[in-house]
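All remarks here apply to the structure that follows.
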Amino acid sequence: MDQSYIFGQIGHIPTRQFSKLNKMFFKKLCLFFILMFIGSYSIANQYQIIDSLKIELKKAKHDTIRTNLMIEISSSYGYINNDSVLFYSQKAYEFSKKHQSNQISADLMKYYDLIIGMSLNNIGSVYNDWGHIDTALQLYQDAFVLFEKYDNNNGMASANGNIGYIYMQNKVDFKKAIYYFQESLKNLESLDEPNSIANTYTNLGSTYDKMGMYQKSYDYYLKALKLFESSDNKWGTMLICNNIGSVCQDLRDDSLALKYFKRGISISKELSDSTAMGYLYNNIGALYMDHKKYDEAIENYTQALVIRRAINSPKGLANSLGNIGLIRIHTKNYSAAQLDLEEALKISREIQDTYEETAILSNLSLLYFDQEDYNSSLYYGLLSYNQAKRNSFEQFIRTVSHQLYKVYKHQNQADSALKYFEIHTSLKDSLMSADNIRESTRMQMQYDLEKEDLMKAQKEKERLNLEKKNKERRNSIQYMLILIGILTLAAFLLFIGRFNVNTRQAQGLIFLTFLIIFEFLLVILDPYVDMLSGGAPAIKLSINAMVAALIFPLHHYAEGKIKNRVLQKVKK
């Protein structure tokens with residue numbers, strides 16, 4: 001893959017966080033967070049490319065070639081090793097700055113400016129990954145200025161896409177995110193880059209998804225899917241199928257969601273991508289869980305579990321075991337649920353996954369509550385609550401406080417029961433208030449975007465009307481000038497006997513005049529001929545022939561008259 005121009009994070013398959021509240025507990029379904037760059041290369045393939053580029057770098061004698069190779073190596077390290085991305089980008093930047101301090105040609109100055117732009121773009125990606133958002137944003141903006149200076153569409157598309165991603169993912173300014181993604185699309189219009197366009201459509205879909213505008217999100221995801229399919233990018237197709245499946249759930253079309261999740265699994269098997277396969281099986285399990293179809297849910301969760309054991313994914317294992325344990329509680333298979341949840345708890349503690357641990361502790365509290373072991377339920381409930389409190393996991397605080405309220409109520413501890421009931425109620429009210437604020441904000445943003453679209457449409461309509469009026473004015477002036485020209489020629493022919501003109505010259509002037517009249521009539525009649533003929537060439541030719549046939553007798557008559565006048569002039 002040629003990465004001398006495709007560099008940095010031109011697009012991402014966005015984060016999908018599947019999490020829902022279910023009665024008295026919080027179930028974490030899965031986190032599908034995969035950053036995607038153009039091309040579907042495995043890590044092993046990427047290292048092969050990097051090794052070959054490093055060999056070329058050692059052999060390179062000219063600094064132009066060396067800096068270009070540094071950028072390619074830097075880009076190839078993307079999502080593999082940030083330190084290497086930073087090292088090679090900084091080297092390319094330093095080499096370019098060093099050469100710019102010398103007397104060099106305009107072409108070389110342009111070359112090194114673009115290398116600097118690529119370096120800044122890649123360095124910005126590293127700072128973005130490290131969480132230094134403002135620094136990353138400034139670097140992307142500096143890179144864009146250099147790309148814009150030389151009208152480099154690929155570079156501008158990349159920088160705009162990266163800026164948009166920051167506003168979508170980190171700064172949460174969706175209007176700005178949409179603006180920059182759309183600017184990136186404009187930059188890509190002149191380039192044959194279907195994967196880059198598909199990534200940008202994906203980011204627009206993700207932005208609208210986060211805004212709660214699921215239909216628009218679905219529409220953009222479908223556009224991305226078509227491009228990934230047309231370019232035979234199976235990895236991109238697999239990931240976008242997951243996103244479409246998720247947004248279909250938001251649109252309450254679970255049958256369509258299931259179709260896309262299953263299609264994603266089919267492709268993941270073709271690609272032997274076990275990690276993605278595990279996530280997709282987990283998503284299907286969650287979908288069935290929502291409909292309380294526990295047999296289908298546990299079947300898919302188990303498939304995910306088997307895959308995650310095979311690839312040794314501790315985080316995935318803890319998640320799958322927690323989900324299976326939850327279903328076993330619902331189906332009252334308590335002994336199996338206890339084994340699953342205890343194993344999940346052990347793994348989450350080993351990998352220090354506090355969020356997963358808090359969820360599993362909550363589920364253990366529920367397990368013992370269902371078995372009327374209120375002391376054990378209280379023990380795990382308090383562990384979950386205190387951990388949620390320390391880490392500001394508001395959803396867990398809300399659900400576990402309700403669980404603790406029920407435990408204390410059964411133990412006849414009214415004061416403690418009331419305490420946790422009030423905590424749960426206040427958080428429930430605040431959550432509802434936050435939801436209302438989010439919904440109000442979403443509606444306002446939707447209104448603002450629709451208003452902007454209407455204003456753009458109105459401006460475009462006004463522009464087209466003005467263009468139409470200017471065109472009509474131009475045509476009227478030209479028609480008038482042509483008519484004046486024809487009348488001038490006709491007047492000249494009318495008084496041709498007064499001028500020293502021979503017969504051949506007179507015939508030429510007559511032919512020219514009638515040819516112009518004929519062409520002028522065709523120009524005037526063309527829209528009407530098109531309308532009558534429907535654009536059919538044979539019909540248009542027939543109508544034009546009829547016009548010529550009507551003019552021919554007039555031409556013959558005028559030619560005879562004028563020839564007589566010329567001959568009379570000659571005789572005199």
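The values are calculated or read from the model by the stated rules, or taken from the named source; none is laboratory data. Note that the structure is predicted; figures quoted are calculated from it, not measured. Neighbour counts are summed over all protein chains in view; Cβ atoms, including those assigned to glycine, are modelled from backbone coordinates with ideal geometry. Please note that ligands, DNA and RNA were not included when accessible areas were found on the heavy atoms of the full protein model with its side chains. Shrake-Rupley method; radii C 1.70, N 1.55, O 1.52, S 1.80 Å.
Brief remarks follow.
- Total residues in region 127-139, condition free of Cβ contacts under 8 Å to residues at least 40 places away in the same chain and buried (at least 22 other Cβ atoms within 10 Å of the Cβ): 2
- Members of region 175-207 that are hydroxyl-bearing (Ser, Thr, Tyr) and in contact (Cβ under 8 Å) with a residue 24 or more places away in the chain: Ser184, Ser190, Ser196, Thr200, Tyr201, Thr202, Ser206, Thr207
Residues are listed down the side, and each one gets a yes or a no for (1) in a helix (DSSP H, G or I); (2) of a type in the set (A, V, I, L, M, F, W, C); (3) open to solvent by less than 10 Å² (accessible area, probe 1.4 Å):
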{"site": "Gln141", "(1), (2), (3)": "yes, no, no"}
{"site": "Val145", "(1), (2), (3)": "yes, yes, no"}
{"site": "Glu148", "(1), (2), (3)": "yes, no, no"}
{"site": "Asn154", "(1), (2), (3)": "yes, no, no"}
{"site": "Asn160", "(1), (2), (3)": "yes, no, yes"}
{"site": "Met168", "(1), (2), (3)": "yes, yes, yes"}
{"site": "Tyr180", "(1), (2), (3)": "yes, no, no"}
{"site": "Leu185", "(1), (2), (3)": "yes, yes, no"}
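- Unmet criterion (only one of (1) farther than 18 Å from Leu146 by Cβ; (2) modelled with pLDDT of 90 or more; (3) open to solvent by less than 60 Å² (accessible area, probe 1.4 Å)) for Ser76: (2)
- Residue in region 464-471 that is among the basic types (Lys, Arg), at pLDDT below 70 and surrounded by fewer than 13 Cβ atoms within 10 Å (Cβ to Cβ) present: no
- Remark: Ser426 falls outside the filter, which requires a residue to be part of a helix (DSSP H, G or I) and closer than 24 Å to Lys346 by Cβ.
- Checking each residue in region 105-126 for being within 16 Å of Ile65 (Cα to Cα) and either among the β-branched types (Val, Ile, Thr) or open to solvent by 50 Å² or more (accessible area, probe 1.4 Å) (or both) picks out Asp107, Leu108, Met109, Lys110, Tyr111, Ile115, Ile116.
- One residue alone among Tyr279, Tyr260 is at pLDDT below 95 and of a type in the set (Phe, Trp, Tyr), and that residue is Tyr279.
- Test: residue in region 195-209 that is farther than 30 Å from Ile265 by Cα, buried (at least 18 other Cβ atoms within 10 Å of the Cβ) and at pLDDT 90 or above: no
- Single match in Ser125, Ser74 (criterion: in contact with a Ser or Thr (Cβ under 6 Å, 6 or more places away or on another chain) and either β-branched (Val, Ile, Thr) or in a helix (DSSP H, G or I) (or both)): Ser74
Rundown of residues vs (1) of a type in the set (Asp, Glu); (2) open to solvent by 50 Å² or more (accessible area, probe 1.4 Å); (3) modelled with pLDDT under 70, yes/no style:
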position	(1), (2), (3)
Arg473	no, yes, no
Ser476	no, yes, no
Ala490	no, no, no
Thr513	no, no, no
Ile516	no, yes, no
Ala536	no, no, no
Pro553	no, yes, no
Gln568	no, yes, yes
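- Residue selected from region 383-418 under the condition free of Cβ contacts under 8 Å to residues at least 12 places away in the same chain and under 47 Å from the mean Cα position of the chain (by Cα), by the criterion least open to solvent (accessible area, probe 1.4 Å): Asn386
- The lone exception for Leu239 - which of (1) modelled with pLDDT under 95; (2) surrounded by fewer than 22 Cβ atoms within 10 Å (Cβ to Cβ) it fails: (2)
- Criterion (assigned to a helix (DSSP H, G or I), open to solvent by 60 Å² or more (accessible area, probe 1.4 Å), modelled with pLDDT under 75 and not hydroxyl-bearing (Ser, Thr, Tyr)) met by exactly one of Asp453, Asp526, Asp448: Asp453
- Failed item in (1) modelled with pLDDT under 95; (2) open to solvent by 40 Å² or more (accessible area, probe 1.4 Å), with Lys223 passing the rest: (1)
- When Tyr380 is tested against (1) touching a residue at least 12 places away in the same chain (Cβ under 8 Å); (2) open to solvent by 50 Å² or more (accessible area, probe 1.4 Å), just one condition goes unmet, and that condition is (2).
- In the set (1) basic (Lys, Arg); (2) within 20 Å of Gly322 (Cβ to Cβ); (3) surrounded by 15 or more Cβ atoms within 10 Å (Cβ to Cβ), the condition left unmet by Arg263 is number (2).
- Positions within region 277-301 being among the aliphatic types (A, V, I, L, M) and within 12 Å of Lys262 (Cβ to Cβ), in sequence order: Met277, Leu280, Ile284, Leu287
- Applying the criterion of being crowded, with 24+ Cβ neighbours inside 10 Å and among the hydroxyl-bearing types (Ser, Thr, Tyr) to the residues of region 346-372, the residue that is farthest from Ser384 (Cα to Cα) is Ser348.
- Taken as a whole, the condition of being modelled with pLDDT under 90, crowded, with 17+ Cβ neighbours inside 10 Å and not acidic (Asp, Glu) applies to Leu53.
- Members of region 324-345 that are open to solvent by 40 Å² or more (accessible area, probe 1.4 Å) and of a type outside the set (Asp, Glu): Arg328, His330, Thr331, Lys332, Asn333, Tyr334, Ser335, Gln338, Leu339
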